[in-house]
Amino acid sequence: MIATMNEVLILSGLVFILGAVCAAARRNLIMILVGVEIMLNAAGIALVGASLRWAVLDGQVFVIFIMAFAAAEVSVGLALIVFSQRRTKSVNADSFSLLRG
């Protein structure tokens, strides 16, 4: 069974909404980072679906760049979370006011 473009976009939209809710509703920094990763995956699903729909490989190549960007973002984000956790002994996003003047 081959999925239609509408089905792919609906799936991508639902996954993006789940990631946005996860990033907005949680107070744990790690869960916020997971929500952002889910949103990037939703964008990748939409790009692959569009690439298959129009038989052009540009979308699939762009997904590889998104995956590389996501890996770099996770490594920097986790390093910042570990550093901040060592300073404040918490990963709660509400307890961080380190950047305020």
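At a glance:
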| read-out | value |
| --- | --- |
| Those residues of the stretch 1-27 which are exposed (fewer than 14 other Cβ atoms within 10 Å of the Cβ), touching a helix residue (DSSP H, G or I) at 6+ places or on another chain (Cβ under 7 Å) and either among the β-branched types (Val, Ile, Thr) or closer than 20 Å to residue 75 by Cα (or both), in sequence order | 27 |
| Those residues of the stretch 23-43 which are of a type outside the set (S, T, N, Q) and under 10 Å from the mean Cα position of the chain (by Cα), in sequence order | 23, 32, 33, 34, 35, 36, 37, 38, 39, 40, 42, 43 |
| Inter-residue pairs, beta-carbon under 8 Å, first farther than 11 Å from residue 44 by Cα and in the stretch 58-81, second hydroxyl-bearing (Ser, Thr, Tyr) and part of a helix (DSSP H, G or I), 6+ apart | 58/51 |
| Residues of the stretch 49-63 classified as over 19 Å from residue 13 (Cα atoms) and under 14 Å from the mean Cα position of the chain (by Cα), total | 0 |
| When residues of the stretch 83-101 are limited to those that are in a helix (DSSP H, G or I) and surrounded by 12 or more Cβ atoms within 10 Å (Cβ to Cβ), the one modelled with the lowest pLDDT | 95 |
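This table checks each residue for (1) assigned to a helix (DSSP H, G or I); (2) among the aliphatic types (A, V, I, L, M); (3) farther than 27 Å from residue 91 by Cβ.
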| site | (1), (2), (3) |
| --- | --- |
| 17 | yes, yes, no |
| 20 | yes, yes, no |
| 31 | yes, yes, no |
| 36 | yes, yes, no |
| 40 | yes, yes, no |
| 45 | yes, yes, yes |
| 56 | no, yes, yes |
| 65 | yes, no, yes |
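The values are calculated or read from the model by the stated rules, or taken from the named source; none is laboratory data. Just so we're clear, the structure is a prediction, and the values are computed from it rather than from any experiment. Glycine gets a Cβ as well: all are built from the backbone with ideal geometry, and neighbour counts include every protein chain shown.
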